[in-house]
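S.K.: Here it is, the structure in full.
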Amino acid sequence: MLTSLANNPFHSGELEAQARAGVGDVAKWAGGFIRDYLPEQHRLFHTSQPFLVVAGGDGDDQTWITIVDGPEGFAKSPDPRRITLATELEASDPLAGAFRQGTDIGVLGIELATRRRNRFCGRVSSGADGYTIDIRQTFGNCPQYIHERAWKRVPGTGAVEAVRSQSLSEDQIARISSADTLFIGSGHRGEDGAASNGFDASHRGGAPGFVQVVDGTHLRIPDYAGNNFFNTIGNILSNPRVGLLFVDFETGGLLHLTGCAAIDWDPKGAEDQNAWRYIDVRIDAVLDRPGAVGLRWTKQDHLARPLRLTERVEETPAITSFYLESADGRPLEPFAAGQHLPVEIRIPGQPDPSKRSYSLSGSPADRTRYRLSIKREDKGLVSRFLHEHLHAGGLIAARQPSGDFVIPCNDCPLVLVSAGVGLTPMLSMLHASAQQRNRPVWYVHGTRNGRDHALREEVERLVATNDHLRKKVYYSQPDDTDLPGKDYDGKGRVTADRLLALGAGPDARYMLCGPAAFLSDIQNGLEAAGVPADHIHFETFGPTG
């Protein structure tokens, strides 16, 4: 598995992009998130999808991206390093020839209804029963800019007559100008055998019209805060050829574009305040395929409901808890400990609601209100607005709680591990564990000092009144007023060695939440000590607020 730096998962273009963006040495911690096989959870995810998004190259060295769909259960995973697809690409698909001959591809599995996604890359080969993809790299993504859509199958779509051109028509420009979703494919070829070789399929989303049409052969795509891997931008720095895909969700039409891209690192007077940089794409060819896939998608905007803020509590100078109750008279939807709440915030000056997902930090047993404990990010448009402008009586819109970062077993020992604001799902799990009383649970938290230690009294009350709950708290920079043994249990950071010293046993499940570098260090240390990978579950966060 790729859990060490012996085989650096990043190529020179990605390293250049990371350095240019000032995100530090990502390779130091990213190994724990990039593997050469699909974990069981990801195998189940990809094989349950009705379609996959695939990027690759054609015989003319052009990059394209497409959707591969099939009948129910068309995708299977016979082992962690293979995906099979019982389908065949239409002759009009720009990657049909490449699939027949066998080629490197990048694949995105995305579930628009729940905003989950995962990516992998590998090599596809063609057989009598469809295609087989041999996995090279796998990694996950955050759901921030995914627009929820439900899908259905439409049988008998038949052959598709494709329309080719070298520039966009007025109708195509109108479709792009109203789109809230696109998929982008990019690729890199370095030394033979390098783990970073191949293609990447990635999702981009925003408010309708977030992609700017400069003219019939020039698009500008905003690049928002992400996981700091910079796979797409790094590929572009190495190889400017890209493919774009716009989906007509109502008709199943696919609009494929191929061309060359450049990065605008410092856009002056950018229209989109959320954009950190722009991808400029010069179009070489357009392929329009009406009704290309037998799927249709419907937006789920009607599922959002109003919630009213009834109380806000400043937990630390940076973290505030927001207590939300129903504003429409309907009971709140139940949630599982560890899940998040998708919210939509209308911010003055923004043309459309800003969408974010925040972990629920309260008890799942409380059916009268939700609690979100949110850190204010200096560059976070939504978190700053909530901290500065949302007061008692204010309204926000929210969808049903969702997410699969939940307690994975009924009675196994749990070690709940967090750093900073990563405590939010862990505190919810601690509340749930207090109700169950059927297993030992350790709550382990790391923060800077007492001033930054959020919700300390609540944890202490839960542990003091439930003898199966235990806690360990570590301060990396304690103040003179912080008392060792009372306010915190040890100086320094949470480490894998400290977790193993708890003696939770071979059946323990480790639930981790915090910054990516923190998670990677813990995950690598636990696995090096022999903890099975499927006993380690994590959720990361970043300054995207």
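S.K.: If you go through region 126-133 one residue at a time, do you hit one that is modelled with pLDDT under 95, touching a helix residue (DSSP H, G or I) at 6+ places or on another chain (Cβ under 6 Å) and either surrounded by fewer than 22 Cβ atoms within 10 Å (Cβ to Cβ) or in the same structural domain as Asp69 (by TED's automatic domain parsing) (or both)?
M.R.: Within region 126-133, one or more residues are modelled with pLDDT under 95, touching a helix residue (DSSP H, G or I) at 6+ places or on another chain (Cβ under 6 Å) and either surrounded by fewer than 22 Cβ atoms within 10 Å (Cβ to Cβ) or in the same structural domain as Asp69 (by TED's automatic domain parsing) (or both).
S.K.: Quick one: is Ser354 of a type in the set (Ser, Thr, Tyr) and either assigned by TED's automatic domain parsing to the domain that holds Arg470 or modelled with pLDDT of 95 or more (or both)?
M.R.: Answer is no for this residue.
S.K.: Oh, and also: Look at Leu89 and say whether it is crowded, with 18+ Cβ neighbours inside 10 Å, under 25 Å from Phe538 (Cβ atoms) and free of Cβ contacts under 8 Å to residues at least 60 places away in the same chain.
M.R.: No.
S.K.: Now a separate question. Yes or no: Lys76 in a strand (DSSP E or B), within 25 Å of the chain's Cα centre (by Cα) and modelled with pLDDT under 95?
M.R.: no
S.K.: Need the failing condition index for Asp301 against (1) in contact with a strand residue (DSSP E or B) (Cβ under 8 Å, 6 or more places away or on another chain); (2) at pLDDT below 95; (3) acidic (Asp, Glu), just the number.
M.R.: (1)
S.K.: Within region 348-365, which residues are in contact with a Lys or Arg (Cβ under 7 Å, 6 or more places away or on another chain) and in a loop (DSSP other than H, G, I, E, B)?
M.R.: Hits for region 348-365 are Pro353, Ser361, Gly362.
S.K.: Something else: I'd like to check something: does region 500-507 contain any residue that is within 27 Å of Cys412 (Cβ to Cβ), small (Gly, Ala, Ser), in contact with a helix residue (DSSP H, G or I) (Cβ under 8 Å, 6 or more places away or on another chain) and touching a residue at least 40 places away in the same chain (Cβ under 8 Å)?
M.R.: Scanning region 500-507, I find no residue that is within 27 Å of Cys412 (Cβ to Cβ), small (Gly, Ala, Ser), in contact with a helix residue (DSSP H, G or I) (Cβ under 8 Å, 6 or more places away or on another chain) and touching a residue at least 40 places away in the same chain (Cβ under 8 Å), so the answer is no.
S.K.: May I pose another question? Tell me which residues, restricted to region 35-64, are touching a residue at least 12 places away in the same chain (Cβ under 8 Å), within 21 Å of Ile184 (Cα to Cα) and of a type in the set (D, E, K, R).
M.R.: Within region 35-64, Asp58, Asp61 meet the criteria.
S.K.: Quick check: anything in region 276-287 within 30 Å of Gly22 (Cα to Cα) and assigned to a loop (DSSP other than H, G, I, E, B)?
M.R.: Yes, some residue in region 276-287 is within 30 Å of Gly22 (Cα to Cα) and assigned to a loop (DSSP other than H, G, I, E, B).
S.K.: Based on this model, can you work out whether Ala397 counts as over 18 Å from Val459 (Cβ atoms), touching an Asp or Glu at 6+ places or on another chain (Cβ under 8 Å) and surrounded by fewer than 17 Cβ atoms within 10 Å (Cβ to Cβ)?
M.R.: No.
S.K.: Would you check which residues across region 358-392 are more than 15 Å from Pro317 (Cβ to Cβ), surrounded by fewer than 19 Cβ atoms within 10 Å (Cβ to Cβ) and among the basic types (Lys, Arg) and list them?
M.R.: Arg367, Arg369, Lys379
S.K.: Let me ask you something else. Those residues that are modelled with pLDDT of 95 or more and closer than 19 Å to Pro306 by Cβ, I need them from region 367-384; list them, please.
M.R.: Those that are modelled with pLDDT of 95 or more and closer than 19 Å to Pro306 by Cβ: Thr368, Arg369, Tyr370, Arg371, Leu372, Ile374.
S.K.: Moving to a separate point now. Going by the conditions given, is Phe45 closer than 30 Å to Trp297 by Cβ, within 19 Å of the chain's Cα centre (by Cα) and at pLDDT below 80?
M.R.: No.
S.K.: Related question: State the number of residues belonging to region 137-181 that are surrounded by 13 or more Cβ atoms within 10 Å (Cβ to Cβ), assigned to a strand (DSSP E or B) and either modelled with pLDDT of 95 or more or over 29 Å from the mean Cα position of the chain (by Cα) (or both).
M.R.: 2
S.K.: While we're looking at this one, here's another question. Please determine, by comparing only the residues of region 199-221 that are within 21 Å of the chain's Cα centre (by Cα), under 27 Å from Asp104 (Cβ atoms) and touching a residue at least 60 places away in the same chain (Cβ under 8 Å), which one is surrounded by the most Cβ atoms within 10 Å (Cβ to Cβ).
M.R.: Restricting to residues being within 21 Å of the chain's Cα centre (by Cα), under 27 Å from Asp104 (Cβ atoms) and touching a residue at least 60 places away in the same chain (Cβ under 8 Å), the top hit is Ala201.
The values are calculated or read from the model by the stated rules, or taken from the named source; none is laboratory data. Since this is a predicted model, take the numbers as computed values, not measurements. Cβ atoms come from the backbone with ideal geometry, glycine included; neighbour counts cover every protein chain shown.
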